[in-house]
1. So, in segment 294-305, how many residues would count as being in a helix (DSSP H, G or I) and open to solvent by 50 Å² or more (accessible area, probe 1.4 Å)?
2. Please pick out the residue among L229, L269 that is part of a helix (DSSP H, G or I) and aliphatic (A, V, I, L, M).
3. Only residues that are within 30 Å of the chain's Cα centre (by Cα) and closer than 15 Å to I42 by Cα: list them for segment 215-251, please.
4. Residue check, L86 against (1) without any contact (Cβ under 8 Å) to a residue 40 or more places away in the chain; (2) among the hydrophobic types (A, V, I, L, M, F, W, C); (3) surrounded by 21 or more Cβ atoms within 10 Å (Cβ to Cβ), all met but one. Which one?
5. Within segment 41-50, track down each residue that is open to solvent by 30 Å² or more (accessible area, probe 1.4 Å) and touching a residue at least 24 places away in the same chain (Cβ under 8 Å).
6. Mind counting the residues in segment 213-227 that are open to solvent by 40 Å² or more (accessible area, probe 1.4 Å) and closer than 22 Å to L48 by Cβ?
7. Residues that are within 23 Å of L182 (Cα to Cα), touching a residue at least 24 places away in the same chain (Cβ under 8 Å) and surrounded by fewer than 23 Cβ atoms within 10 Å (Cβ to Cβ): does segment 137-148 have at least one?
8. Kindly indicate whether any position in segment 44-62 is assigned to a helix (DSSP H, G or I), over 18 Å from A223 (Cβ atoms) and touching a Leu at 6+ places or on another chain (Cβ under 8 Å).
Amino acid sequence: MYDPPPAHLPRRASRLVPAERSKGLAIALLSVLVITPDAMFIRWAKMLGASIWQIIFWKYLAASAIGISSGVCLLGGLGPALEGTLAAPGHVLFASLLQMLSQIGFNIAFLKTSPARAMLFISLNPLWTGLLGRVCLGEVLPTRTLVALLFGAVSSLIVFIPALVCAAAGEASDAGSIAGDLIAVATGMVLATYVTFMRYTLHWRAEASIDLSAGLGNALCCAAMLLVLISTESGLTHNLGTTFVAVITVDAICISSFYVGFTVAPRYLVGAQLALILLLQTLMTPLWVFLKFGDVPSSWTLGGGALLLLTLAAHELVSLCGRRADTESDDFEWPSPSVSESGNGPVAARGEEAGAASLNGDKDGAGFEYRHFGDAS
């Protein structure tokens with residue numbers, strides 16, 4: 001369980017704003033939508049003659065440049081970004097390493113096991129996120145969210161049933177699939193850890209330039225792929241053309257847009273709900289593959305996607321009803337975020353009163369109960 005920093009260390013007001021949950025929901029949905037074509041672009045680039053290592057290197061090279069630039073803008077400029085990095089270098093480095101590990105694990109899992117099994121095990125990350133949020137941050141999830149997490153896991157399982165049946169029949173029973181399965185599970189855990197650590201840092205070390213972690217993580221991933229390319233015969237530009245550059249550029253823009261939203265959304269959403277929304281990527285990816293290559297999604301994919309959409313819609317409907325009931329109650333008051341003029345740099349920080357009200361036993365607009373980070377209960 002995370003403990004707060006020593007009291008003598010100066011820190012900015014918490015940047016978590018659970019009262020503005022609807023904003024976080026919109027950002028998360030848009031972020032997931034823009035990254036759904038990623039698998040289609042990867043397949044397209046591979047058909048153009050590029051190796052998987054070339055695709056990863058150039059994709060994350062462009063994504064890191066865009067991500068770091070976006071992070072600097074979110075932090076208010078290069079000066080505040082450097083100041084925040086020096087204020088909490090360990091937090092920025094650890095978040096960047098988690099980002100790098102999730103990216104490398106995602107790609108290696110697809111090389112070591114079947115795509116269906118990899119996506120299934122990675123899609124378990126909402127469960128890990130909910131568990132880490134409860135244990136480490138004291139986030140108490142309402143029953144409806146726990147039920148939604150369960151149905152989200154079931155919807156992912158439905159999508160991959162045909163491939164899992166084929167694997168059980170012996171078509172993907174090679175020894176490498178066991179390692180791939182473990183890597184996929186670990187990738188989902190790393191992703192959950194990243195979301196949880198982001199929320200911890202946004203509250204306890206809000207002065208940290210955590211907005212740079214996505215771009216820096218992509219840069220570290222790019223550096224790792226460069227070492228692989230140097231040790232192989234494929235080279236950086238071998239067999240690549242202008243069409244490949246265009247495809248990778250568009251894909252990098254999509255990925256960078258996702259990570260910008262993924263950096264902002266944890267300020268407004270509980271980690272478990274953010275991870276639940278991320279499941280839409282798994283279920284919408286086949287649609288882009290169908291539009292480009294004509295691969296018709298199976299009935300299992302359509303059924304799993306319909307179940308997840310219904311689950312998310314029902315969860316939001318129940319949350320809306322609960323929000324209206326709380327608004328009509330005399331005992332309920334919305335936490336009112338304010339902008340702190342103090343602190344290091346011009347990054348907009350939320351008032352201490354709003355952060356304290358939201359994180360010491362109160363509930364946000366969706367009924368999530370927050371307790372002080374580090375409490376045992």
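The values are calculated or read from the model by the stated rules, or taken from the named source; none is laboratory data. This structure is a prediction, so every number in the text was calculated from the model and none was measured. Cβ: placed from backbone, ideal geometry, glycine included. Neighbour counts: every protein chain shown. All accessible areas refer to the heavy atoms of the entire protein, side chains included, with ligands and DNA or RNA removed. Shrake-Rupley method; radii C 1.70, N 1.55, O 1.52, S 1.80 Å.
1. Going through segment 294-305 one residue at a time, the tally reaches 3.
2. Answer to the check: L229.
3. Listed by number, the residues that qualify are T243, F244, V245, A246, V247, I248, T249, V250, D251.
4. So L86 meets the others, but not (3).
5. Those that are open to solvent by 30 Å² or more (accessible area, probe 1.4 Å) and touching a residue at least 24 places away in the same chain (Cβ under 8 Å): I42, R43, W44, L48, G49.
6. Of the residues in segment 213-227, 1 are open to solvent by 40 Å² or more (accessible area, probe 1.4 Å) and closer than 22 Å to L48 by Cβ.
7. No, every residue in segment 137-148 fails to be within 23 Å of L182 (Cα to Cα), touching a residue at least 24 places away in the same chain (Cβ under 8 Å) and surrounded by fewer than 23 Cβ atoms within 10 Å (Cβ to Cβ).
8. no
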